[in-house]
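I have placed the structure first, in the form of structure tokens, so that the comments after it can refer back to it.
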Protein chains: 2
Amino acid sequence: MPLENVTIIDTTLREGEQFARADFSSDAKLELAHALSEFGITFLEVTSPAASPRSRDDAARIAGANLPVTVAAHIRCHRDDVDIALDSGVGALNMVMAISPILRRASHGQAIPEVVRTAAEIGEYVRKRAPDVILRFSSEDAFRCPLNDLLNVYLPLSELKLFDRLGIADTTGAATPDRVSEVVGLVSRLTGTPVEFHGHNDIGCAIANAHAAAMAGAGYINTTVLGIGERNGITSLEGLIAVLYAADPETTRSRFDLPTLPALCHRVAALAGVEVPFNDVLVGETAFSHKAGLHTKAVYNDPRAYEALDPADFGLDRQISIGHRLTGWNAIR
Amino acid sequence: MPLENVTIIDTTLREGEQFARADFSSDAKLELAHALSEFGITFLEVTSPAASPRSRDDAARIAGANLPVTVAAHIRCHRDDVDIALDSGVGALNMVMAISPILRRASHGQAIPEVVRTAAEIGEYVRKRAPDVILRFSSEDAFRCPLNDLLNVYLPLSELKLFDRLGIADTTGAATPDRVSEVVGLVSRLTGTPVEFHGHNDIGCAIANAHAAAMAGAGYINTTVLGIGERNGITSLEGLIAVLYAADPETTRSRFDLPTLPALCHRVAALAGVEVPFNDVLVGETAFSHKAGLHTKAVYNDPRAYEALDPADFGLDRQISIGHRLTGWNAIR
Ligand SMILES: O=C(O)CCC(=O)C(=O)O
Ligand SMILES: O=C(O)CCC(=O)C(=O)O
Ligand SMILES: [Cu+2]
Ligand SMILES: [Cu+2]
């Protein structure tokens, strides 16, 4: 099962910082890095140290905190960004370049062959300055990019052996699992390079897309706590954990300290100034509430009747409604 | 594209009523039926008229409201339920029986051959009493049921030509799109009968599962406004609409009165006593907020750069952050 070996790259400290309401202090970021690490996350992405002096200081502080995690700086394909990021002490660089026609025009203005040249040049520069840093190249907006263009970027770049991973981003969050499976599968097979998937949630498919990517061969998945990020965000950490748990509870319990997850979600909600959605996976207020009589009766006898996930594994309780019209019915038949 | 022809069966008035916090008054139900119909929903499911006298009165009131919708009563495979439902004046019966080993044990206790016998007997009873009523048979918990059992139910029942649709329910919300596609595709092809999909959201895949079901041949998809239902709910109406819109904006605009959707979502939130999740598809507070400089700059020039959905089509606005550290960066480069 490919899900067992998936590595979560949590980007609450980068994509999450791009959430409209988020404005994490340095202390808050360090606190979240600790909590994510305690939960079992081994790879954290942080905002580009080149974005502002505070971003640089925050990256350096997290990279220097001696946590058992790899800290990746999310950077553009610019020498300056590389220099500032490497100076901050991070162990990995997550480079990104726009690749769809519309975003190439809106950002760097380069044609596909130039994108390849730029990525190769910066990749070589990184390898000269820091041979051992973990280096990723990712294409922003990969799903609005013709497949030809995508392969014209990934195939030559993978042959250079400069990059440890290739990222594929659904930047506008409009991909569906069938397409994710196709694109990730193709890039993964043809390049032989580990793939990282990053998926937005604009049409509500981000969790399922992460699952599809992993099943198609992506070894790395981006998440944020509560899914916070640009617009309505990306794959949520708790959502991906639920997917992994549904497929294999035992492995998931052994890889992650599941009972610490609810507090982490509530903490991020408080820091970002939002309520945990009532219907959030695992930690939503009603995630383990049973109401209709047929349900409450069955759950009372055996909770697995209407539960895919055991709340106790996450340090949570179930609620069984009593006394509602709908509860009374069936429950007494 | 199979998505064009998908019929939404909205079950806010049945599954939505099973949401822990929901307790809709009769007037509220009628109001929602009107609003759903105005939005473009043509098929509504209501709580079994056999559940309580109030459920019966409410079903009769909605069925008698002369809305351009088919009203389906959600009922168990019991003669009493059929009688009470038909007497209430609904135009369709959505019958359901548990089919997985665990739920068969917890509810009716019947083995697979008995399930078939019961469904056939009640189906024949319905056809005798009401030859023209639209009749569906659905199996609760289809995804925890061995495929053999599933086919041993659907194949003989489809041959009886008693049922207009066959329902497939992911009752514990743990299915992923690849499995939904397989099961729905198989049942749809082998029975030649229209399939209805009902998917819970426990691992966050309900919207993508609805997409997978439709692509695999399901002509009918269950939704509720905000996805409210047992536990953390099912496929949300606004989520499915976003999926349809992303695939084909023009057809979706012509089928549904999209600008009425946000008010409908907010109304259901108020009636159910919850906040609209900040990250809800389409109607979440930040669904069209852009923050990072690279994003705000690009969106300012051409919103499609970072938007899969045009908020104006839904009567919504975008927000472009200004003055944040992350906004300043890149925006000024
Ligand atoms: O670096 C990446 O792969 C993703 C960048 C990003 O946030 C996006 O494209 O949505
Ligand atoms: O009638 C159906 O198909 C679905 C019943 C239900 O709500 C479920 O199984 O989750
Ligand atoms: Cu992103
Ligand atoms: Cu349900």
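Here, each number is a calculation from the coordinates, and none is a lab measurement. Being a predicted model, the structure only gives us computed values, none of them experimental. Quick reminder, even Gly has a Cβ in these numbers, built from the backbone with ideal geometry, and neighbours come from all protein chains shown.
A few remarks follow.
- Exposure proxy shown here: for A:34, B:324, the number of other Cβ atoms within 10 Å sets the order, fewest to most, as A:34, B:324.
- For the protein assembly as shown, share of DSSP beta bridges that run antiparallel, in % to the nearest 5: 5 percent
- For chain B, the longest principal axis of the Cα atoms and the long axis of helix B:53-63 meet at an angle of about 70 degrees.
- Bridges between two residues of chain B, per DSSP, are antiparallel at a rate of about 5%.
- Between residue A:257 and residue A:54, the FRET efficiency from the beta-carbon distance, with R0 = 30 Å, is close to 0.50.
- Against chain A, whose longest principal axis comes from its Cα atoms, helix A:26-39 is set at around 60 degrees.
- Over chain A, DSSP H runs of length four or greater, each weighted -39,500 (n - 2.57), average out per residue to a 222 nm ellipticity of -13000 deg cm²/dmol.
- Under the shape rule built on the C-alpha gyration tensor, where the axes satisfy a ≥ b ≥ c, chain A is prolate, since a/c reaches at least 1.5 and a/b is greater than b/c.
- Extended-chain gain in nm, criterion 0.36 nm per residue less alpha-carbon gap, residue B:80 and residue B:65: 3.0 nm
- Listed residues B:137, B:168, B:158: farthest to the positive end of the dipole of region B:133-206 (Cβ charges): B:158
- Average partner coverage of B:14-22, which counts Cβ from other chains inside 10 Å: 5
- Neighbour net charge for residue A:171 - beta-carbon separation under 9 angstrom, K R +1, D E -1: -3
- In terms of other Cβ atoms within 10 Å, A:320, B:203, A:234 run from fewest to most in the order A:320, B:203, A:234.
- Gyration tensor verdict on the protein assembly as shown (Cα atoms; rounded if a/c is under 1.5, prolate if a/b is larger than b/c, oblate otherwise): prolate
- Inter-chain Cβ neighbour average for residues A:50-60, partner chain, 10 Å: 2
- Per-residue Cβ neighbour rank within 10 angstrom, fewest leading, A:264, A:240, B:86: B:86, A:264, A:240
- Total formal charge among the other residues, if their Cβ is under 15 angstrom from that of residue A:157, Lys/Arg +1 and Asp/Glu -1: -3
- Mean-position separation - Cα centroids, region A:86-161 and region A:1-70, in angstrom: 22 Å
- Helix B:237-247 and the long axis of chain B differ in direction by around 70°, with both axes built from C-alpha atoms.
- Using the Cβ-Cβ distance between residue A:318 and residue B:179 with R0 set to 22 Å, the FRET efficiency works out to roughly 0.30.
- Gyration tensor (alpha-carbon) shape descriptor, region B:40-160, a/c threshold 1.5: prolate
- Dipole in debye (nearest 20) - region A:126-258, about Cα centre, beta carbon charges: Lys, Arg +1; Asp, Glu -1: 440 debye
- Selection from A:260, A:295, A:320, by position along the positive dipole direction of chain A (Cβ): A:295
- Under 11 Å, Cβ to Cβ, from residue A:245 - net charge with Lys/Arg +1 and Asp/Glu -1: -4
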